[in-house]
Number of protein chains: 2
Amino acid sequence: MKKIEVFAPSTVANVACGFDVLGFAMEGIGDTISISKTSTVGISIEHGKGCKGIPTNPQKNVIGVAVNALLESLAYTEKAGFRFKVSKNVKPGSGLGSSASSSSAAVFGVNELLGNPYTKRDLIKFAMKGEEAASGLPHADNVAPSLLGGFTLVRSYEPLDVVSLTYPESLYTTVVHPQIEVKTSDSKKILKRKVDLRDAITQWGNVGGLVAGLAQSDFGLIGRSLQDVIAEPTRSMLIPLFKEAKEAAFKEGALGASISGSGPSIFALSFSRKIAESIAIAFNNVYASNNILAHVYISRINPIGAEILS
Amino acid sequence: MKKIEVFAPSTVANVACGFDVLGFAMEGIGDTISISKTSTVGISIEHGKGCKGIPTNPQKNVIGVAVNALLESLAYTEKAGFRFKVSKNVKPGSGLGSSASSSSAAVFGVNELLGNPYTKRDLIKFAMKGEEAASGLPHADNVAPSLLGGFTLVRSYEPLDVVSLTYPESLYTTVVHPQIEVKTSDSKKILKRKVDLRDAITQWGNVGGLVAGLAQSDFGLIGRSLQDVIAEPTRSMLIPLFKEAKEAAFKEGALGASISGSGPSIFALSFSRKIAESIAIAFNNVYASNNILAHVYISRINPIGAEILS
């Protein structure tokens, strides 16, 4: 195989209570990458749709960093290289794991071209190198669901332990992405490094409740558990109309709503496409009536993750 | 009905990662209470086996406090009272929820004598009043499993939300109770009121992992998740031979081991009775070889909780 086209989905990390540990994959949005094996050694990156502002230098682009980590691990010495053409339908700084989609799609595609020396799960650690290049920290809460699909829990980083959670198939998400940029680094800065034990207990009660609710298809419990007392209270200040959007989602029957990743996107979960669609209209209204451009997405939880398109 | 004999089991709270939120019920050990409806108004408490040092004054005994909360809630005005005869096979200050077993058995039995105006789940809030009398805080992590049985998660206190978790039937616990007393109040004092965000994230990753592992009957995941970076590092200092006992349990194949409640009891979990029995021998050896009297218990997770004996 000399050429492949792959897709890795956008992802919602944190999922209210699960700061730095929970995430799920979306359907229909993410990164599409065409990868060609070339006779020239090295990595070259070409930008298609939606890549404005992203460096093409492979040392500075998450694709280059992640793929090089994969090739190094294989002690790859073939006199060949890889050319990537990237197309994004969600721009960077969305809170929907844009860099994770790139890293995940790239390592997934190269692994395919090399005859699958690694499993998808193995690839997480290489994609994490891309995350490290993008934000300074080797997070897995976006790359895990982007690669594996579904709802994932990063139980531990040392050693890396990613759990695929059981969840009800009828779970839908509605995401609104107000077209303003919140840098992950800014959003990290406003978090306190010490938290009250009481708040921490509240948070892990909710993580336990959410995981149990997903496993038992108990939508009421899922909804009650979608609370964040750690990041949302401060981070939501960086997102215009956060409170209004959240309230609008609840009014339409959302199980819960919170910040996607470090924002500014906001996600809601619901138990039917019909409710998800009503929330989409409500999200649109909140931003349109305040003259803020916003994109809205409706999706099931994507059960597949990274996949071959052609 | 004029008389009833009820049992409410001992419980292991916290369960490593789930400080203040997780707990499970044991089989075979706990409180047995005979309750008689009397023609004299008021509550009287008589002590049987294992009640040394516990006040019989109903204002100061958790039974009196919990049952009065139940009767008040019912606006009980019948010219009758209740006499309790209590028998314990685990003494107070064990870390096995001794006060919770008393409160739970008492409200469960009185509720039965009154024709079950409340469900078991409703009774949690009354038993919590007993916990408040015993330790100053209305905890539910022992009373919830003692009443409901199984593995429980207190997702939230305000409002109270107790989740019965799904767990594998072949899960066994081995508990060693070194015969020294650690007061819950002392054990609370040595906890920090602020925790590092990194530690909190580790803890909620493990809570998520444990709940997922229990739901998926993934014993490996259960084991990896049984870690406590919040309470165990400091509280274990109050327990003689904690490290040795924990290591001995792992050597016999325990999935994990940690402090039961606020100690000094230590619990281990394993996936077969055979391993649970080997751990019991190992626990015994650790304490016997250091001349510390210790009681050891082996039990499945008790699926029933509070029950009528006769």
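Some observations on this one:
- Antiparallel DSSP beta bridges within region A:1-91, percent to nearest 5: 75 percent
- For region A:70-81, Karplus couplings with θ = phi - 60° (6.51, -1.76, 1.60), whole Hz, Gly/Pro x: 5, 5, 4, 4, 8, 6, 6, 10, 4, 7, 8, x
- Cut-off 20 Å (backbone N to label point 7 Å along Cα→Cβ of A:Lys251), residues of region A:161-184: A:174-178
- Euclidean distance of C-alpha centroids, region A:3-66 and region A:243-310, integer Å: 22 Å
- Cβ-Cβ FRET estimate between A:Leu160 and B:Lys3, R0 fixed at 51 Å, reported to 0.05: 0.30
- Whole-number D in µm²/s for the protein assembly as shown (Stokes-Einstein; Kirkwood sum over Cα pairs; 4 °C, 1.567 mPa s): 50 µm²/s
- Loop-located trypsin sites (Lys or Arg not before Pro) across region A:118-152 with a Cβ neighbour count of 10 or fewer within 10 Å are lacking, with loop assigned by DSSP.
- Between copies, the label points at A:Leu160 (set 7 angstrom from Cα along Cα-to-Cβ) are spaced 4.4 nm, reported in nanometres from shortest to longest.
- Ranking of B:Leu221, A:Leu22, B:Leu74 by count of other Cβ atoms within 10 Å, fewest first: B:Leu74, B:Leu221, A:Leu22
- Mean partner shielding of peptide A:189-197, defined as the number of other chain Cβ atoms within 10 Å of each residue Cβ, is 4.
- Cα-based helix-to-principal-axis angle, B:242-251 vs chain B, degrees rounded to 10: 70 degrees
- Above-threshold pairs, the threshold being 23 Å between Cα atoms, out of B:Lys129/B:Lys246; A:Lys189/B:Lys194; A:Lys189/B:Lys188; A:Lys192/B:Lys129; B:Lys189/B:Lys251: B:Lys129/B:Lys246; A:Lys189/B:Lys188; A:Lys192/B:Lys129; B:Lys189/B:Lys251
- Placing dummy labels 7 Å off each Cα toward the beta-carbon, the span from A:Ser272 to A:Arg198 is 3.9 nm.
- Top of A:Leu123, A:Leu197, A:Leu148 by mean-square fluctuation, Gaussian network on chain A, Cα under 10 Å: A:Leu197
- Added length on full extension, which subtracts the Cα-Cα distance from 0.36 nm per residue, B:Asp186 to B:Glu112: 23.1 nm
- Distance from region A:205-225 to region A:84-127 (C-alpha centre basis), Å: 29 Å
- Taking the fewest neighbouring Cβ atoms within 10 Å as the starting point, the ordered list for B:Cys17, B:Cys51 is B:Cys51, B:Cys17.
- Using a 7 Å Cα-to-Cβ projection, A:Ser44 label spacings across copies, nm, ascending: 9.7
- Chain B - charge dipole about Cα centre, Lys and Arg +1 at Cβ, Asp and Glu -1, debye rounded to 20: 560 debye
- When both bridge partners sit in the protein assembly as shown, DSSP labels roughly 90% of those beta bridges antiparallel.
- Distance from region B:147-177 to region A:184-204 (C-alpha centre basis), Å: 27 Å
- Dipole magnitude for the protein assembly as shown: computed about the Cα centre from +1 point charges on Lys and Arg Cβ and -1 point charges on Asp and Glu Cβ, it is near 540 debye.
- Counting from the shortest, the label point at B:Leu191, 7 Å from Cα toward Cβ, is 2.2 nm from the same position in each remaining copy.
- Taking a ≥ b ≥ c as the square roots of the Cα gyration tensor eigenvalues, region B:172-300 comes out oblate, since a/c reaches at least 1.5 and a/b does not exceed b/c.
- Each distinct pair of alpha carbons in region B:1-158 adds a 1/r term; the inverse of their mean, the Kirkwood radius, is 15.1 Å.
- The angle separating the long axis of helix A:120-135 from the principal Cα axis of greatest extent in chain A is about 80 degrees.
- Cβ-based net charge around B:Phe283, under 12 Å, with every Lys or Arg adding one and every Asp or Glu removing one: -2
- Lys/Arg +1, Asp/Glu -1 at C-beta; region A:172-300 dipole; positive extreme among A:Ala288, A:Ile298, A:Ser258: A:Ser258
- Multiplying each eigenvalue of the alpha-carbon gyration tensor of chain B by 5 and taking the square root yields semi-axes of 32, 20, 18 Å, largest first, rounded to whole angstroms.
- Note on region A:79-199: Kirkwood hydrodynamic radius from all Cα pairs is 16.3 Å, rounded to one decimal.
- Rounded tilt (10° steps) of B:98-113 against the dominant C-alpha axis of chain B: 40 degrees
None of the figures in this text is laboratory data; all of them are computed from the coordinates on show. Computed from a predicted model, the values in this text were never measured in an experiment. Reconstructed Cβ throughout: ideal geometry from the backbone, glycine too, with neighbour counts over all protein chains shown.
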